[in-house]
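The values are calculated or read from the model by the stated rules, or taken from the named source; none is laboratory data. These numbers were taken from a predicted model, which means no experiment stands behind them. Cβ atoms come from the backbone with ideal geometry, glycine included; neighbour counts cover every protein chain shown. These area figures cover heavy atoms from the full protein model, side chains too; ligands, DNA and RNA do not enter into them. Shrake-Rupley method; radii C 1.70, N 1.55, O 1.52, S 1.80 Å.
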Amino acid sequence: KENYDHILVERCFPENSDVVGGGVGVITLHRPKALNALCDALFEDLIHAARVLDEDDDIGCIVITGSGKAFAAGADISEMSKREFANAYKTNMFSQWADITKMSKPIIAAVNGFALGGGCELAMMCDIILAGSKAQFGQPEINLGVIPGAGGTQRLVRAIGKSKAMEMVLTGNRINAQEAMDAGLVSRVIDSELLLEEAVKMGYGIAEKGGVAVRMCKEAVNAAEEMTLSEGLRFERRMFHSLFATRDQKEGMSAFLEKRKPNFTNE
Ligand code: CO8
């Protein structure tokens with residue numbers, strides 16, 4: 001399936017490059033009339049496209065971005081407003097969102113405009129958040145009589161600490177790109193006009209590395225959120241050892257010694 005109702009998918013490749021798996025898959029959330037509110041159908045499209053790109057050998061990195069003035073303004077409130085407890089509980093409402101975190105390739109969130117509620121949570125499920133200068137982050141669920149439900153009370157605390165996270169979820173107030181940068185939620189603020197271009201460029205930079213090592217970096221860094229330090233260090237070291245079974249390790253180290261660019265094949 002390549003024609004989606006609520007997203008656009010593009011495969012981008014660096015010019016004059018024969019890097020194996022060097023492409024970047026760009027998923028643009030595209031439901032402009034509702035500020036990309038994450039209705040069930042949009043999320044279904046998003047997960048499907050992410051899976052296809054994750055399995056595509058030509059692609060080494062994924063970028064998720066928004067359109068217009070929003071990355072995503074949260075879960076779809078009109079869809080959600082009709083839900084009842086028993087049905088939400090029995091169907092484990094929104095649990096499918098977490099599938100985004102199961103992708104093995106890095107995902108960059110390029111956030112320009114509103115990333116609110118589930119939109120902020122979606123950005124935090126990605127591996128790197130780049131903020132355009134017009135980005136605004138917030139967890140306004142409290143204003144709707146609910147609480148964040150997809151990481152806004154968990155990933156946000158780990159990202160920016162308890163007091164700032166508590167302030168955001170209790171007041172519903174938004175923070176801008178620079179505040180998000182100062183708090184450690186995003187890794188860079190980029191001029192809004194250049195955001196997507198820079199995100200794709202960063203994606204190319206990642207996609208040209210050895211694909212097995214890239215995936216292991218992602219797995220190991222994410223393990224740091226779940227494990228004790230000694231477990232995490234052991235996990236990291238074992239992964240490090242295992243990379244000596246790859247062709248890319250031989251190639252990477254030989255290329256360094258021969259003073260040439262490595263030619264990784266992701267094996
Ligand atoms: N859901 C549905 N429609 C939306 C949403 C949304 N989240 N956000 C905006 N829209 C719609 C508006 O209704 C409006 O539609 P229409 O033109 O038909 O009236 C259109 O988008 C444009 O919006 P506005 O006119 O409001 O645009 P403004 O520029 O005036 O305001 C804001 C922009 C500030 C972003 C404003 O739209 C807003 O406050 N939106 C709601 C933000 C919000 O509360 N988000 C949190 C939702 S709750 C949530 O995300 C819970 C996630 C839980 C995940 C749980 C997993 C288990």
- For helix 229-242, what angle does its Cα long axis make with the longest principal axis of the chain, in degrees from 0 to 90 and rounded to 10? 40
- Counting only protein heavy atoms, what percent of the accessible surface of the chain is carbon or sulfur at a 1.4 Å probe? 54
- Task: Hand me the GluC sites (Glu not before Pro) from region 1-62 located in a DSSP loop with no more than 14 other Cβ atoms within 10 Å, in residue order please.
- Result: Glu2, Glu15, Glu55
- For the chain, the per residue accessible area (1.4 Å probe, Å²) is 54
- Note on the structure: Longest principal axis of the chain (C-alpha) makes with the long axis of helix 195-207 (C-alpha) an angle, in degrees to the nearest 10, of 40
- Among the listed pairs Lys69/Lys218; Lys209/Lys250; Lys33/Lys102; Lys218/Lys259, give every one whose C-alpha distance is greater than 20 Å. Lys69/Lys218; Lys33/Lys102; Lys218/Lys259
- trypsin sites (Lys or Arg not before Pro) in region 48-133 lying in a DSSP loop, each with at most 10 other Cβ atoms within 10 Å of its Cβ, come to Lys82
- Task: Once you've got the GNM for the chain with C-alpha springs shorter than 10 Å, pick whichever of Ala86, Ala115, Ala72 has the biggest mean-square fluctuation.
- Result: Ala86
- Query: Per-residue ellipticity at 222 nm for the chain, helices alone: DSSP H runs ≥ 4 residues times -39500 (n - 2.57), over residue total, nearest 500 deg cm²/dmol?
  - Reply: -11500 deg cm²/dmol
